[in-house]
Structures are given as C-alpha cells and as structure tokens.
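The values are calculated or read from the model by the stated rules, or taken from the named source; none is laboratory data. Values in this document were obtained by computation on a predicted structure and should not be read as measured data. When we count neighbours, we look across all protein chains shown, and the Cβ atoms used for this are built from the backbone with ideal geometry, even at glycine.
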Amino acid sequence: MSTLLQVLVSGVLVGGLYGVISSGLSLSFGITRIVNFAHADFVTIGMYLSVVAVSALGSFGLFLTPVFGLAIGLLGVLVYLLLLRRTAVGATTEDEAHLPQIVITAALGIFIQSLLLAVFTSTDRSVNTVLDGAWRVGGLSLSKAQVVAFVIAAVAFAVLDLVVNRTEFGRGLRAVVDDADAAAMVGVNRRRVFSISIGIGVSLAGLAGGLLATYQTVNPTTGFGYLALAFVTVVLGGLGSIRGAFIAGMVIGVVQQATATYVALDLQNQAVWIGFLVVLLVRPLGLFGKRVMT
Amino acid sequence: MPTPAPKRRAPRRVPRSSRGATHPRRLAWLAVVGSGALLLSACGGVANQSASAGANSGDCGDEIVIGAPYPLSGPLAEFGTNSLQGMRVAADEVNASGGIASLGGAKLKVVQEDTSSSDVAQAKSAATKSIKSDHAVALVGAWFSNLTTTVSTVAQEARVPLVTQAWADSLSQRKYEYYFQPPPKSSQIGGAATSDVLAAARAAGHKFTRIAAVGPNDTANTQQITTAIQAFKAAGVTAKDPEFYQPGIADATPIVNRIVEQNPDLVLMSGPPADVTLIIKGLRARGLHAPILGFGGAFVAPSLGKTLGDDVNGLMAVGAWNDDLPLDGVAQASAAYKKQFNAPFMPMEAGESWVNVHLIAEAMNQAKTCDPDKIASQLHSMHVTSGPAAAMPGGEVSFDQDGTNPHAVPVLTQWTDGVPKTVWPQKYATVQLTLGAR
C-alpha cells in the first residue's frame, strides 16, 4: 500500500512539471497554431541558467528562477517577432505556414543545443542546494526539490489559468482561438496576442527548466528529451486545452512511475505511448478536447 | 593464430551508364573530373610510398605522429578529452627527455580526430583520417568499446597498431594482430568486483548479506552486472535479479523505489554519469546509505565528483588504473596532468592512454623504427617491467596472441575527500576501505 502511495505521489510530483511544460506548449499552439519544435530547448536554457545562478550564489540562486522564466519568455517573444511572425502572417492557409514554422523551430532547437554545447560542453551538470534530500511523511519519502518544484509549477499554472479564463486579456486570447478574424474586427490585436502567447508558453518552459535543474542533471540535449513527451501530453490533454495538458502531464507521470515500479523499469516510456494510442482510439480529441461546431 | 590482414581488393569496374548516350559536353566534364581524380590518387600514392620508404629505412624525420581517434563531441566527450590529455602528458614527457633516442631524438606529436560518441561511420572516418591524412604510425583510442570495434577494424586493415583502453571481451576475441589492450578485459573486471570487494570488506571486518543491482539494459552492462550478481550469489550473498533500465532517465524515483524495497547492504551499479547521479542522489535522499560499487569509467569520472558533491565519498569502483598507484612515473604524470589541465586528479582513461603512448614510444625505441608493421611486431615481442610503459596495475606489460596483457589486474577504488583512492589490491592501497555510514 505504501509503495502504491509512493508511486502516486511521485507520479504527480514529476508529472506536474510535465504539465507546466506542456500547458505552455498547448497555450502557444492553441492560439498561434505554430508547432514549436524548439519548445523543449527553452527548458534546457532554464536549466542552465539555474545551474549558473546556483554555482554563483549557492541556494539563493534558486530565487532567480522566476526571473529567468520571464527572461526566457522575452526571448520567445523575440523569436516570434524575428523568425516566426512572417510565416504566420504571410501564409494564405494554416497548412502553408506550418512547413516553414517546423523548419525554423527545428533549426532554432539545433542552434540552441549547439550554442549550449559550445558554452557548457557536453558534460552533465547538476546543482547541490538546500533542496537536496527528502522529507519523511508517514511511510512516504518526498523529495524536497520535487515538492518545491511542484508547488511553484502549480502556482504558475494557476496564475496562467486565471489570466486566460478570468481577465480581459484572457478573453482576447480565447477570442483569437475561436475566430481570429472576428476578434480582430472587435479590436483584438492579433499580432500582440500571438507574440504574448508564445512568450508565456516559452516562459513556462524556462521556469520548468529552472525547477527541473534542482533534481535533474543537465546537458545540452536534456530538454530535447521532453519534446516528444510534451507533444504527447498536449494531444492527450486535448489540443489547445491548457488545463487538459496540465492534468495529462500528471497522468503521464503516474503511468511512468507505476509501470516502472510494477512492470519493468525499461518499459515506462513504452507504457506512455501505448496509453496515448489507446486514449486516441477511444477519445480522438484527447481527454479534455472539445469538438468545435462550424 | 592471428588473423591475417585482408588483402587489398582490385578496383571495381565502374558500370556503364544506363541512361543512354552521353552528351559530348558532359563527356568532357567527366574527362576533366576523371583526370583530376587520377592525378590526386597518383599524388597520394607517391606520398604514401615516400612515408613508407622513410619508415623502413629508419629515417622518421623530426616528428612522429600518434593518432588519437576519440569521442570529442557528444555525451562521451569528457572521456575522450581526458584520454587525449593523458596522451599529451606522455608525449610531453617523451619529448622533454630527448624524444625517441634510437630514432635521432624524433619528437612525438599527438593528432586528435573526433569519432563522435555514437556514430560508427564517423569513427571509421576519424581512424582512416588518422592513418591516411595525419600519417599516424600508431593509434591510441577510442575508449568506448563500440567505437573501438570500428577503429580496430580500420587499424587492422591498414596494418597500423592500435593500443586501446577499451575493455570489452569481444574486442580481443577477434585476435587481430594489430590490436593491443594493456588494461584487463571486462570479464576480469566483473570477476574482480566480487573477489576484490569481498576481500577488502573482510579486511575491514565487514560482511555483506543482501545486495541489489541496477544498470542500463544494453548488452555490455547487462552481462557485467549479471556476472557480478552470480558471483556474489556463489559467495553466499543473497541477491534478487538485477534491475535494468533504459539509459537516459529523467527521473530515478521508480529505480530508487525498487532498490530501497530490497533493503540491501551493498548496491552494484553501472550506467552513464547522468543516470548514475540521479540514482545515487535518489537513494541517499531516501535514506539508503548502503555502500555502492560501480562499474565503468563513469564511476571515476571527475564530473561525478562535481555533480554528486559530498554524496560521492564512499562510492567504490572497479577499474583499470588510478593516479595514486605506486608505479613508475605515475606520481609525476599525475602532478603534470593536474597542473596542466587544472584537474582534481588524473582520471583512469587519461592514465591508460598515458601508458599506451609510452608503450608505443618504447616499442619504437627498442625496434629503432617508425614503421607501423614493425612497431606492431615489437609490441608483440616485448615485455616491459619498469618505467611508465609498465605502469599498469600488475606492474608488467606484454601481449598475448589476442592482444591482451596477461599481467593486468583490476583495482578497486573508493572516493575519499572528493577523489578516487586505491583500496585493493592491498599492495597498491593508499587508503583503507571504509564501509560504515557516511
């Protein structure tokens, strides 16, 4: 029983970070329809910034993690304005814009990895902070770093959810998702909405990276490992549904932990893929996706 | 019997184009390109003949190139770079003492080529470039067994000796006559894990009762861990089946769960540095402070000391070399390495490649040649018992028909105050094994 509880708790803690990475991707894709293949590389940037900060300032460096998230978000806005804006605006159809977007974001991902390789080399790095170790709660062992990372990730997600669903700006975002042309006619600045949504999405990836660095090693390709997982999570949660992505992230975390603990260690990712295919067969729009009437 | 080097094949006849008659202008271009290619190949032929003639006549010039095909990019770059640095220390020592005396004081030059960490095609190109373009008379490389398989095949075909620090049994089983392996084989290392640890533990008044084991699910690691577990079981220690995982883990919690459930008093482990770091941190966070015995270069890598911090102390590893060995030249080489590369210690792979360069230099000096074929013959016939060329654990180096060194013995190290220290065999130990809680 205690093992089962440990599996569930660990799965939720780990999956919370998957959820934040994926909800950022889901938000930016849902609004801009840009498939960002460099999304996970912004996770890596966040991890390295965290490593640098902790190396310089010790555990106090962790307080800079939200600042790094915002800075990476600004970088995301720049990427949109300089590289992606024209592909989205100039294309006559959505499909026409996808090819250059995929090529540009994939190339950007490779560029980020190469840059990090040149600066930090391929050696794995990690940090030692006050968050090392675990709290014992009953028979459970809770990694301090994972608990703190989950709490911060959950707060970040709650703020995002609040902004999207309860503010005037969020209404504008949702209006663009529903009908971009109609939203433009009532005064919503589509270009601004696009750049901000990319910025928020990338910012969440950077924040998640900064938090991940407290309990995971990092090398220039670490973030790339999360790319497939993020896309699976986004589709599983329902394309464009940020709540769905967050919940799906935790579901995937639990599936991984349960498979690795009760079936076989080396089958944990295979179980995710099998579960993904089963869900798509039963619910093609994902767990929380809604059919749009046209 | 050593496997003879394959004979060169006759050039293949180029099939005639099936696309019909060739346009006269295209034909002219083909003629120009073909002539150019012939000219270039003729130049290469002349150059090769010249180098070969020089080597045979004993005139090796002022500089002799030793090729270093190593993984210098990708996840294994740390090990490739360390190995290369070890070679440079050895070359500097040889050159500072006047070069190869019997060859008129010719100096050694180490020329690196990047094999990448996983691309065997690039490994083949790197080894070929070392031999054909850099004109290396011998190779030292390529650390990782998969890459070494490719590099050794290229070396065998080109009749150039490869002195390696790779361990996999499969490498020496091919009985290549241009393959030389001073460190022990994988199977020796795996066997030593049991005997050395049990002996060292007995000497420290400790007895193991339950062990758990975990490692990546690739063939080499699976074999090594399984062999060690079987040996421990034969010695009366209780053990469940090993846990194998897909390398490149993002979260170690399930692995940690499985090991903690077994409540072991010794954990056997292998894997890449990143995975090992996560698992060890996870085990310590869960309050499991049982000693850990690691296999492979990752467990004595300087980066492991950095990423694990204090958790690295107490970690044991079975390996092939350590920089505190009381053997000829080791202390000086270690001091030079630490100073030159600002490193906390000279890692195992650097020490192995340092010995390998000295072996090649010794062979050239004894045979008075820089001809690759004759260097290989000399390596097969010589028996070194002193000096840096003999500074492998065991204290002697000679080579059997399969290219392995019958005198090589593994060493057991334990991280103490942030650096690996030798704890077994007793004659090499610089600290005593500690198995209590840390």
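Things worth noting here:
- Hey, A:Ile252 of a type outside the set (D, E, K, R), touching a Phe, Trp or Tyr at 6+ places or on another chain (Cβ under 9 Å), buried (at least 24 other Cβ atoms within 10 Å of the Cβ) and more than 18 Å from A:Trp273 (Cα to Cα) or not: no
- Residue count for segment B:275-309, restricted to those that are of a type in the set (A, V, I, L, M, F, W, C) and farther than 20 Å from A:Gly133 by Cβ: 6
So that you can scan it fast, the table gives a plain yes or no per residue for (1) within 14 Å of chain B (Cβ to nearest Cβ); (2) of a type in the set (Lys, Arg):
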position: A:Ile72; (1), (2): no, no
position: A:Arg85; (1), (2): no, yes
position: A:Val103; (1), (2): no, no
position: A:Leu108; (1), (2): no, no
position: A:Ile112; (1), (2): no, no
position: A:Asp124; (1), (2): yes, no
position: A:Val130; (1), (2): yes, no
position: A:Gly139; (1), (2): yes, no
position: A:Ser143; (1), (2): yes, no
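- Filter pass, A:Gly286 being small (Gly, Ala, Ser), in a loop (DSSP other than H, G, I, E, B), in contact (Cβ under 8 Å) with a residue 12 or more places away in the chain and on the phi > 0 side of the Ramachandran plot: yes
- Test result for A:Val51, touching a strand residue (DSSP E or B) at 6+ places or on another chain (Cβ under 6 Å), part of a helix (DSSP H, G or I) and farther than 20 Å from A:Ala245 by Cβ: yes
- Scope segment A:213-249; condition part of a helix (DSSP H, G or I), surrounded by fewer than 21 Cβ atoms within 10 Å (Cβ to Cβ) and of a type outside the set (A, V, I, L, M); matching residues: A:Phe224, A:Gly225, A:Phe231, A:Arg243
- Pair list, Cβ under 6 Å, 6 or more apart: segment A:252-265 residue facing chain B (nearest Cβ under 9 Å) and farther than 13 Å from B:Asn257 by Cβ, other residue among the small types (Gly, Ala, Ser) and part of a helix (DSSP H, G or I): A:Gly253/A:Gly11; A:Gly253/A:Gly15
- Counted residues, segment B:287-298 - those being within 14 Å of chain A (Cβ to nearest Cβ) and either over 21 Å from B:Lys421 (Cα atoms) or among the aromatic types (Phe, Trp, Tyr) (or both): 2
- Residue match in segment A:58-69 (condition: within 14 Å of chain B (Cβ to nearest Cβ) and either out of contact with any Lys or Arg (no Cβ under 7 Å at 6 or more places or on another chain) or exposed (fewer than 13 other Cβ atoms within 10 Å of the Cβ) (or both)): yes
- Screening segment B:185-215 for residues that are without any contact (Cβ under 8 Å) to a residue 24 or more places away in the chain and not in a helix (DSSP H, G or I) and picking the one that is farthest from B:Tyr428 (Cα to Cα) gives B:Lys207.
- The residue that is surrounded by the most Cβ atoms within 10 Å (Cβ to Cβ), counting only those in segment B:303-316 that are at pLDDT below 90 and of a type outside the set (A, V, I, L, M, F, W, C), is B:Thr307.
- Of residues in segment B:179-199 being hydrophobic (A, V, I, L, M, F, W, C) and surrounded by 22 or more Cβ atoms within 10 Å (Cβ to Cβ), the one farthest from B:Ala390 (Cα to Cα): B:Val197
- Check on B:Val355, at pLDDT below 95 and of a type outside the set (Phe, Trp, Tyr): no
- Wholly within segment B:216-286, helices (runs of 4 or more DSSP H) carrying at least 1 residues that are within 9 Å of chain A (Cβ to nearest Cβ) and buried (at least 19 other Cβ atoms within 10 Å of the Cβ): B:253-262, B:273-285
- Restricting attention to segment A:198-212, the residues that are more than 14 Å from chain B (Cβ to nearest Cβ) and either within 21 Å of A:Thr32 (Cβ to Cβ) or surrounded by fewer than 24 Cβ atoms within 10 Å (Cβ to Cβ) (or both) add up to 10.
- Inter-residue pairs, beta-carbon under 6 Å, first farther than 21 Å from A:Ser122 by Cβ and in segment A:45-70, second of a type in the set (Val, Ile, Thr) and loosely packed, with under 15 Cβ neighbours inside 10 Å, 6+ apart: A:Ser59/A:Val130
- Residue within segment A:44-56 that is at pLDDT below 95, farther than 24 Å from A:Phe224 by Cβ and surrounded by fewer than 24 Cβ atoms within 10 Å (Cβ to Cβ) present: yes
- Residues in segment B:405-428 that are free of Cβ contacts under 8 Å to residues at least 60 places away in the same chain and either in contact with a Gly (Cβ under 8 Å, 6 or more places away or on another chain) or crowded, with 23+ Cβ neighbours inside 10 Å (or both): B:His407 only.
- The number of residues in segment B:245-281 being closer than 27 Å to B:Thr209 by Cβ, among the polar types (S, T, N, Q) and under 25 Å from the mean Cα position of the chain (by Cα) comes to 1.
- Residue check for B:Thr148: part of a helix (DSSP H, G or I), β-branched (Val, Ile, Thr) and over 19 Å from B:Val357 (Cα atoms): no
- When residues in segment B:141-157 are screened for being touching a residue at least 60 places away in the same chain (Cβ under 8 Å) and of a type in the set (A, V, I, L, M), 3 of them pass.
- Residue match in segment B:328-337 (condition: among the β-branched types (Val, Ile, Thr), surrounded by 19 or more Cβ atoms within 10 Å (Cβ to Cβ) and in contact with a strand residue (DSSP E or B) (Cβ under 8 Å, 6 or more places away or on another chain)): no
- Looking only at residues of segment A:145-162 that are within 13 Å of chain B (Cβ to nearest Cβ) and touching a helix residue (DSSP H, G or I) at 6+ places or on another chain (Cβ under 6 Å), we find that the one that is surrounded by the fewest Cβ atoms within 10 Å (Cβ to Cβ) is A:Phe150.
- The residue that is surrounded by the most Cβ atoms within 10 Å (Cβ to Cβ), among those in segment A:118-144 that are free of Cβ contacts under 8 Å to residues at least 40 places away in the same chain and among the charged types (D, E, K, R), is A:Asp132.
- Unique match (being more than 18 Å from B:Trp424 (Cα to Cα) and not hydrophobic (A, V, I, L, M, F, W, C)) among B:Ser195, B:Ser152, B:Ser186: B:Ser152
- Scanning segment A:242-263 for residues that are within 19 Å of the chain's Cα centre (by Cα) and closer than 13 Å to A:Leu4 by Cβ yields one hit, A:Val254.
- Residue in segment A:23-31 that is over 12 Å from the mean Cα position of the chain (by Cα), within 14 Å of another protein chain (Cβ to nearest Cβ) and buried (at least 23 other Cβ atoms within 10 Å of the Cβ) present: no
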